[in-house]
Amino acid sequence: MFENKEIKVILSNEADDVYKELNQIVGKEKKNNVESSFHQSLLRSINRAVDLLKENPFAGNQIPKRQIPEKYIVTYDTENIWRIEIANRWRLIYTITGNQLEIINFIVDIFDHKKYDKVFGYKH
């Protein structure tokens, strides 16, 4: 489907920090025999989204160019941003790059809906 290109998923430092923190929290919960929690649901959802991106790099919803926050354009030198809605109203934000050999989904942010609204300038 993608011309036999390798598909990679890479996390930014910010997204990786969120992912590591969730893993630590879930690890502690499991040690305490917590079977189901907000954090476990969120971590499973992130892992499903990453697996989905490995299958289809365009699985999310593309954010219109006019709505891309300046911070992503400047920090990640990107002109395309995509969003996947994950558990508990959180969002996974990524960009797609690549070359003749591979497609890279670079996850730039993982955050709750409130922070998503703030970053993208939505007001209630």
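Evaluate the relative contact order of the stretch 13-89 (contact order divided by residue number), counting alpha-carbon pairs under 8 angstrom at least 6 apart; express in whole percent. Please report the intermediate quantities before stating the final value.
Working: 46 pairs, mean separation 23.1, N = 77.
Rounded, it is 30 percent for the stretch 13-89.
On a full-extension model of 0.36 nm per residue, what is the gain between R66 and K114, subtracting their alpha-carbon distance, rounded to one decimal in nm? Before the final figure, lay out the partial values.
Working: separation 48, 0.36 × 48 = 17.28 nm, distance 2.03 nm.
Result: 15.2 nm gained on full extension.
Within the stretch 66-124, list the GluC sites (Glu not before Pro) lying in a DSSP loop whose Cβ has at most 16 other Cβ atoms in a 10 Å radius. Each step should come with its number before you reach the end.
Working: sites: E70, E79, E85, E102; in loops: E79.
Answer in residue order: E79.
Which loop chymotrypsin sites (Phe, Trp or Tyr not before Pro) in the stretch 4-74, with loop taken from DSSP, have no more than 13 other Cβ atoms within 10 angstrom of their Cβ? Before the final figure, lay out the partial values.
Values: sites: Y19, F38, F58, Y72; in loops: F58.
When the chymotrypsin sites (Phe, Trp or Tyr not before Pro) of the stretch 4-74 are filtered for loop state and at most 13 Cβ neighbours within 10 Å, F58 remain.
What distance in nm separates the two pseudo spin-label positions at T75 and K31, each 7 Å out from Cα along the beta-carbon direction?
Reported label-point gap for T75 and K31 is 3.0 nm.
Using DSSP, restrict attention to beta bridges with both residues in the stretch 6-118 and report what percent are antiparallel, rounded to the nearest 5.
Working: 15 of 21 bridges.
Close to 70 percent.
What nm distance separates the two modelled labels at K8 and E21, each placed 7 Å from Cα along Cα→Cβ?
2.6
Give the order of H113, H39 when sorted by the count of other beta carbons within 10 angstrom, beginning with the fewest. Please list the in-between numbers first.
On the way: H113 13, H39 20.
Going from least to most buried by this count: H113, H39.
Each value in this text was obtained by applying a stated rule to the coordinates, not by laboratory testing. Every value quoted in this text rests on a predicted model; they were computed, and no experiment measured them. Methodologically, a virtual Cβ is constructed for each residue, glycine included, from the backbone with ideal geometry; neighbour enumeration extends over all protein chains shown.
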